[in-house]
Amino acid sequence: MRNTILGAFFVLIVAAVATAPTVQAQEEADENPWVYVASYKVPWERVDSLVKLFDRYADPFVTYANENGFWLDRRVLIHDTGDEYNVVYETFYDSWEAIREGGWGDAAWQAVEPDSTQREAAIAGFNWVFEGVTHKDNIYRLVVGNP
């Protein structure tokens with residue numbers, strides 16, 4: 001009986017030691033943010049309007065989203081030459097579920113631009129910039145670096 005108990009104990013120790021690196025690697029992987037990348041082909045004649053809209057609304061919008069836990073961070077890249085996918089949004093999330101939740105944009109817009117007339121004009125401006133443009137979406141897992 002004593003040998004059976006010692007044998008079982010030994011098996012548990014070996015199993016714990018063998019799975020420890022796997023558990024640690026999984027915990028580290030769970031901490032890596034998800035990156036939602038949306039790339040757009042925006043006509044160059046609309047890019048200046050987009051930059052003006054970003055200058056006015058991007059910082060407060062991102063701050064609102066960060067402070068309310070909707071995402072970890074967002075970056076917007078504008079490719080200054082060529083005509084391929086020249087506007088790229090990189091949005092960092094802490095989980096797959098956070099990507100899927102969405103639905104908070106209206107609250108963010110109301111916080112960022114309380115004046116409904118100005119808010120509608122800003123949203124119309126963004127809609128005009130992105131109207132009819134080709135885009136693609138990709139979701140990645142960040143493995144090196146941080147947002």
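For every residue, the table says whether it meets (1) within 19 Å of residue 59 (Cα to Cα); (2) exposed (fewer than 11 other Cβ atoms within 10 Å of the Cβ); (3) of a type in the set (Val, Ile, Thr).
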site	(1), (2), (3)
103	no, yes, no
106	yes, yes, no
110	yes, no, no
115	yes, yes, no
119	yes, no, no
125	yes, no, no
135	no, no, no
142	no, no, no
Exercise. Do the conditions hold for residue 90, that is, is it closer than 24 Å to residue 68 by Cα and touching a Lys or Arg at 6+ places or on another chain (Cβ under 8 Å)?
Worked result: yes
Exercise. When you look at residue 62, is it in contact with a Lys or Arg (Cβ under 6 Å, 6 or more places away or on another chain) and hydrophobic (A, V, I, L, M, F, W, C), yes or no?
Worked result: yes
Problem set entry | Count of the range 35-53 residues which are of a type in the set (Phe, Trp, Tyr), surrounded by 16 or more Cβ atoms within 10 Å (Cβ to Cβ) and either more than 20 Å from the chain's Cα centre (by Cα) or within 10 Å of residue 87 (Cβ to Cβ) (or both) | 1
Exercise. Under the condition of being surrounded by fewer than 17 Cβ atoms within 10 Å (Cβ to Cβ) and at pLDDT below 90, which residue from the range 74-95 is nearest to residue 144 (Cα to Cα)?
Worked result: 79
Exercise. Does residue 95 satisfy being under 22 Å from residue 39 (Cα atoms) and either polar (S, T, N, Q) or free of Cβ contacts under 8 Å to residues at least 12 places away in the same chain (or both)?
Worked result: yes
Exercise. Of 133, 129, 76, which residue is among the β-branched types (Val, Ile, Thr) and either out of contact with any helix residue (DSSP H, G or I) (no Cβ under 7 Å at 6 or more places or on another chain) or in a loop (DSSP other than H, G, I, E, B) (or both)?
Worked result: 133
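The values are calculated or read from the model by the stated rules, or taken from the named source; none is laboratory data. Note that the structure is predicted; figures quoted are calculated from it, not measured. Glycine also receives a Cβ, built like all others from the backbone with ideal geometry; neighbour counts cover every protein chain displayed.
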